[in-house]
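Working notes for the structure below.
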């Protein structure tokens, strides 16, 4: 089932595009680099995007989030709260880089909830979920800002000597946002020195609003070129090495907690067993996010119960960035709801499918932009996951 996701020429073009974009975005000598994004909580994609943005930087880096968090034990970074970054470095020349992800449509309520522990998030949602006013008030108190889309910051909200940049970001739901949120986003984007997006839907929406962004792949598409040696090292030890001793090959599988209803798990298990049996592989389940509204072990354990003992099944306990990358790079196939799981697997030449609820999901828009044929996404009702006539 292994294949190259693009021809050698296409692969080279993507890597060259990403590395040239990195060189163009690199700050001039004497300017501090401030990376800002959702790597203030555990999500595989956001932590990896911070790694990609920091790779090869030629100046001192500050990592900024909406809150101070230390994700180094997961191979993320120690992020400072944005207010503290402004207070500490506001007198310096700096390039303020929005590092990517679906930042353009992450609301204040969503951002604030995902910064909580799972237990506290459940309590807050139960308390405020039915009251938009209460959600807004609570989110403002947590984030310390009245911004509606808090991971998007306009140039005039930052110190005078800072410039703003947007690495390839996503916002496939931009046109569905309330007018006030769209206006806030557009004001920030119009003031940016660099504006890049990662999918054609976001590109078209922003062009329709009078902007002219550049279309580039998600930075994580360059993961093999940036971190190949590190990932190979992770694949030779720890849990990944233990998996190799248990099974000859595996399908890497991830499933968001919101997909944990019984009917969906039944359908996904049936699809996975059919694929595993057809290709003689085991199945390894993993989590791509520990923050609220991402993944949880209970969902994976319930899926594992449904998979039974017909095929070798294991759960990867580690949620470290490069352990996940090594699992994906060493897989014979990848299936999951994580867009960055697909991006990394695909970049390593591993056949991958994103599970989506509908063609409107961000993963469908992204994969259709960069690899429309064969279709790279499936709904739970689509069978089989990997048609026998398709090599990718």
Angle between the chain longest axis and helix 44-54 axis [Cα atoms, degrees, rounded to 10] | 50 degrees
Arrange the peptides 309-321, 250-262, 342-354 so that the one whose residues have, on average, the most other Cβ atoms within 10 Å appears first.
-> 342-354, 250-262, 309-321
How high is the relative contact order of the stretch 26-74, in percent, with contacts defined as C-alpha pairs under 8 Å that are six or more residues apart?
-> 50 percent
Binned at 10 Å starting from 0, the alpha-carbon pair-distance distribution of the stretch 134-212 in whole percents comes out as 17, 48, 29, 6
In degrees, nearest 10, the alpha-carbon axis of helix 179-190 is tilted away from the dominant principal axis of the alpha carbons of the chain by 80 degrees
Quick one: if you stick a label point 7 Å off each Cα along the C-beta vector at residue 119 and residue 145, how many nm between them?
-> 3.0 nm
Output the peptides 367-375, 128-136, 278-286 sorted from most to least packed, where packing is the average of other Cβ atoms within 10 Å over each peptide's residues.
-> 278-286, 367-375, 128-136
For the stretch 233-392 (alpha-carbon point model, no solvent) the Debye-based log₁₀ I(q)/I(0) at q = 0.09, 0.14, 0.17 Å⁻¹ works out to -0.25, -0.63, -0.97
Based on the Cβ-Cβ distance of residue 266 and residue 358, what FRET efficiency does E = 1/(1 + (r/R0)^6) give at R0 = 22 Å, to the nearest 0.05?
-> 0.65
How far is the Cα center of the stretch 324-392 from the Cα center of the stretch 149-198, in Å?
-> 28 Å
Calculate, for residue 277 and residue 248, the FRET efficiency according to 1/(1 + (r/R0)^6) with r their C-beta to C-beta distance and R0 22 Å; round to the nearest 0.05.
-> 0.95
Potential lengthening between residue 297 and residue 176 on full extension [0.36 nm per residue; Cα-Cα distance subtracted] = 40.3 nm
May I ask for log10 I(q)/I(0) of the stretch 93-228 at q = 0.10, 0.16, 0.18 Å⁻¹, from a Debye sum over the Cα atoms as equal point scatterers with solvent left out?
-> -0.38, -0.89, -1.05
Length gain on complete extension for the stretch residue 190 to residue 225, per 0.36 nm per residue less the alpha carbon to alpha carbon distance?
-> 9.4 nm
Cα centroid of the stretch 68-130 to Cα centroid of the stretch 221-249, whole Å | 29 Å
Using alpha-carbon positions, the gyration tensor of the chain gives root eigenvalues a ≥ b ≥ c; with a/c under 1.5 called rounded, otherwise prolate if a/b exceeds b/c, else oblate, the class is prolate
Kindly express, to the nearest 10 degrees and within the range 0 to 90, the angle between helix 132-143's C-alpha long axis and the longest C-alpha principal axis of the chain.
-> 80 degrees
If the convex hull is drawn through the Cα atoms of the stretch 281-336, its volume per residue in Å³ = 79 Å³
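Just so you know, all these numbers are worked out from the coordinates, no wet-lab data involved. What you see is a predicted model; the values in this text were computed from it and never measured. Cβ sites come from the backbone with ideal geometry, for glycine too, and all protein chains shown count toward neighbours.
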